[in-house]
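Q: Okay, here's the structure, questions in a sec.
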Amino acid sequence: MTGDWPTWPQWTDADLTAVREVIDSGRWNGVDAPAVTDFEQRWAAYTGARHAICAANGTDSLLLGLRALGVGPGDEVIVPAYTFLATASAVALAGATPVFADIDPDSYCLDPAAVDAAVTPRTAAVIAVHLGGHPADMDALGALCRRRGLALVEDAAHAHGARHRDRPVGALADLASWSFQGSKNLTAGEGGALTTNDDGIAERMRSLRNQGRVAGGAWYEHHVLGWNSRLTAMQAALLRAGLDRLTAQVAAREAAAGYLDEHLPGTVTPQGRAPWVTVHAHHLYLFRYGRGPVGEFVEALRALDIPAVPGYPVPLYRQPLFAGRYDGVHLPETERACRETVWLPHELLLAPVERMAEVVAAVEKATR
């Protein structure tokens with residue numbers, strides 16, 4: 001990272017104590033380990049969900065959720081193309097087909113009208129990504145999915161602490177998928193989780209992530225084709241410690257982002273903030289630069305000690321993985337976002353708010 005901005009991950013003595021307690025307990029694995037169970041209960045409470053089920057990573061949590069919903073071969077799942085690969089690859093790993101819909105240019109989240117136009121008789125579900133920590137339009141998407149008879153999944157990998165109409169994201173759909181990978185706003189290096197209010201979905205997810213075992217069954221008794229996607233107790237301990245800091249960090253990021261929203265020059269356009277957004281998690285601070293090659297602009301910012309990076313370089317349907325399968329797909333807002341968007345990492349927003357003036361000055365200088 002350039003300059004002397006805050007780094008990530010961050011830790012305190014509380015993290016060391018939490019991990020030491022797990023080491024001393026002798027309960028290191030994720031099979032009913034008290035540390036894992038405790039974090040699941042805390043994460044469910046934090047997100048307002050009835051259930052939280054930990055997984056090995058965010059990709060697994062998406063796949064587990066789709067499998068628990070019964071998504072499989074012959075099905076289609078509508079996803080954005082301005083997102084990390086896992087949103088679509090989990091669909092493919094479940095045996096279904098990703099169908100890409102365009103994004104809203106202000107929020108960078110799925111455009112409900114584009115989703116509606118993409119529905120076919122084979123559509124089984126929609127995955128709404130809270131891109132950068134901005135909650136998707138869950139009211140419109142929820143109404144659409146209810147009307148169409150579709151499952152709705154939140155991809156909340158960027159959205160720890162975000163709130164939609166003052167409700168936490170994570171309990172606004174049939175289920176939500178979370179990531180605790182090293183760059184995320186709540187991290188254990190790796191890890192994932194699912195949250196849901198549906199008892200049946202939760203039971204299926206617990207079985208799938210534990211080799212198809214069921215509650216009350218014998219250890220060597222397997223009822224469905226699952227796999228080992230268990231979080232370790234040490235990871236859960238780190239997450240418990242990090243969760244105690246999350247609310248304050250969310251508030252700090254909101255304050256810093258608010259300063260940037262107000263003071264960045266008109267030569268760039270920050271991500272919009274929809275009226276339903278009570279709290280933006282700001283895993284990323286996104287803005288558009290449309291006056292030239294975004295890569296050159298990013299390099300100019302980095303030369304001024306601002307740790308900017310370009311956003312996703314191409315839509316997912318242009319990734320080599322999908323070569324030849326989506327040649328006819330053209331999503332104009334997604335493609336424009338790939339050309340124009342700059343990201344600032346969330347840890348930069350943990351610097352004192354007054355340091356955001358350095359970001360503003362650098363953007364002004366780089367756009368002259």
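A short reminder: the numbers here are calculations on the coordinates, not readings from a lab. All figures in this text were calculated on a predicted structure; none of them were measured in a lab. Quick reminder, even Gly has a Cβ in these numbers, built from the backbone with ideal geometry, and neighbours come from all protein chains shown.
Q: Which of the peptides 190-201, 151-162 is most tightly packed, and how do the rest follow, going by the mean number of other Cβ atoms within 10 Å of each residue?
A: Values: 190-201: 22.3, 151-162: 27.7.
Result, highest mean first: 151-162, 190-201.
Q: Now, a different point. From the backbone phi of segment 309-316, what are the Karplus-calculated ³J(HN,Hα) couplings (6.51 cos²θ - 1.76 cosθ + 1.60, θ = phi - 60°) in whole Hz, Gly and Pro given as x?
A: Once rounded to whole Hz, the list reads 9, x, x, 4, x, 9, x, 4.
Q: OK, next. Using only C-alpha positions, report the orientation-averaged shadow area of the convex hull of segment 1-52, nm², one decimal.
A: Numbers: hull surface 22.2 nm².
Over every viewing direction, the Cα hull of segment 1-52 projects on average to 5.6 nm².
Q: Right, something else. Points 7 angstrom from Cα along the Cβ direction at Asp166 and Arg146: gap in nanometres?
A: That separation, rounded to one decimal, is 2.1 nm.
Q: Kindly put Tyr108, Tyr289 in sequence by how many other C-beta atoms sit within 10 Å of each C-beta, fewest to most. Don't skip to the answer; put the middle values down first.
A: Working: Tyr108 26, Tyr289 23.
Least to most surrounded, the residues fall as Tyr289, Tyr108.
Q: Based on the alpha-carbon gyration tensor of the chain and its eigenvalue square roots a ≥ b ≥ c, which shape applies: rounded if a/c is under 1.5, prolate if not and a/b is larger than b/c, or oblate? Mind showing how you got there, number by number?
A: Working: a/c = 1.96, a/b = 1.23, b/c = 1.60.
Note, shape of the chain comes out oblate.
Q: Cβ neighbours within 10 Å, averaged per peptide: list 75-81, 3-9, 50-56 in order, most packed at the top. Before the final figure, lay out each step's value.
A: Values: 75-81: 25.6, 3-9: 14.7, 50-56: 23.7.
Top to bottom by mean Cβ count within 10 Å: 75-81, 50-56, 3-9.
Q: Would you work out which of Ala233, Ala215, Phe39 lies farthest towards the positive end of the dipole of segment 13-240? Charges go on Cβ: Lys and Arg +1, Asp and Glu -1.
A: Going by the charge dipole, the pick is Ala215.
Q: Which one of Thr59, Thr12, Thr37 has the biggest mean-square fluctuation once the chain is modelled by GNM with Cα springs under 10 Å?
A: Fluctuation is largest for Thr12.
Q: Segment 91-126 to segment 337-368: how many Å between their Cα centroids?
A: 31
Q: Let's test the formula: R0 of 45 Å, r as the Cβ-Cβ distance of Glu203 and Ala361. What FRET efficiency results, to the nearest 0.05?
A: On the way: r = 54 Å, r/R0 = 1.21.
For R0 = 45 Å, the calculated efficiency reads 0.25.
Q: Find the relative contact order for segment 26-130 and round it to a whole percent, using C-alpha pairs within less than 8 Å whose residues are 6+ positions apart. Write down the numbers at each step before the final one.
A: Numbers: 137 pairs, mean separation 24.4, N = 105.
Relative contact order for segment 26-130 comes out at 23 percent.
Q: Can you compute the helix-only [θ] at 222 nm over the chain? Use -39500 (n - 2.57) per DSSP H run of at least 4 residues, normalise by all residues, nearest 500 deg cm²/dmol. Walk me through the numbers on the way to the answer.
A: Values: 11 runs with 135 residues, N = 368.
Computed ellipticity for the chain at 222 nm equals -11500 deg cm²/dmol.
Q: Can you tell me the relative contact order of the chain? Whole percent, Cα pairs under 8 Å, sequence separation 6 or more.
A: Values: 773 pairs, mean separation 78.8, N = 368.
Relative contact order here is 21 percent.
Q: May I ask for the net charge around Val309, where only other residues with Cβ less than 11 Å from the Cβ of Val309 are counted and Lys, Arg are +1 while Asp, Glu are -1?
A: Values: positive: Arg302; negative: Glu299.
Charge balance near Val309 sits at 0.
Q: Residue by residue through segment 107-117, which ³J(HN,Hα) values in whole Hz follow from phi under the Karplus form 6.51 cos²θ - 1.76 cosθ + 1.60 (θ = phi - 60°), with glycine and proline marked x?
A: Per residue, the Karplus-derived 3J(HN,Hα) values read 8, 6, 9, 3, 7, x, 5, 5, 5, 4, 5 Hz.
Q: Where the only charges are on Cβ atoms (+1 Lys, Arg; -1 Asp, Glu), what is the dipole of segment 246-366 about its Cα centre, to the nearest 20 debye? Please list the in-between numbers first.
A: Details: 11 positive and 14 negative charges, 62 e Å.
That gives a dipole near 300 debye.
Q: Hey, another quick one. Using Cα pairs under 8 angstrom and six or more residues apart, how large is the relative contact order of segment 246-366, in percent? Please list the in-between numbers first.
A: Working: 138 pairs, mean separation 47.2, N = 121.
Value for segment 246-366: 39 percent.
Q: Using θ = phi - 60° and the Karplus curve 6.51 cos²θ - 1.76 cosθ + 1.60, what whole-Hz ³J(HN,Hα) does each residue of segment 174-190 get, with Gly and Pro shown as x?
A: Each residue of segment 174-190 in turn: 5, 7, 10, 10, 10, 10, 10, 4, x, 8, 6, 5, 10, 9, 10, x, 9 Hz.
Q: Size of the dipole of segment 174-303 about the Cα centre, Lys and Arg at +1 and Asp and Glu at -1 on the beta carbon, nothing else charged, in debye to 20?
A: On the way: 13 positive and 12 negative charges, 43 e Å.
The dipole magnitude comes to about 200 debye.
Q: To the nearest 0.05, what FRET efficiency results for Ala274 and Glu354 with a Förster distance of 25 Å applied to their C-beta separation? The partial results should precede the final answer.
A: On the way: r = 28 Å, r/R0 = 1.12.
The pair Ala274/Glu354 has a calculated efficiency of 0.35.
Q: Sticking with this structure for a sec: Using alpha carbon centroids, what distance separates segment 11-56 and segment 132-196, in Å?
A: 20
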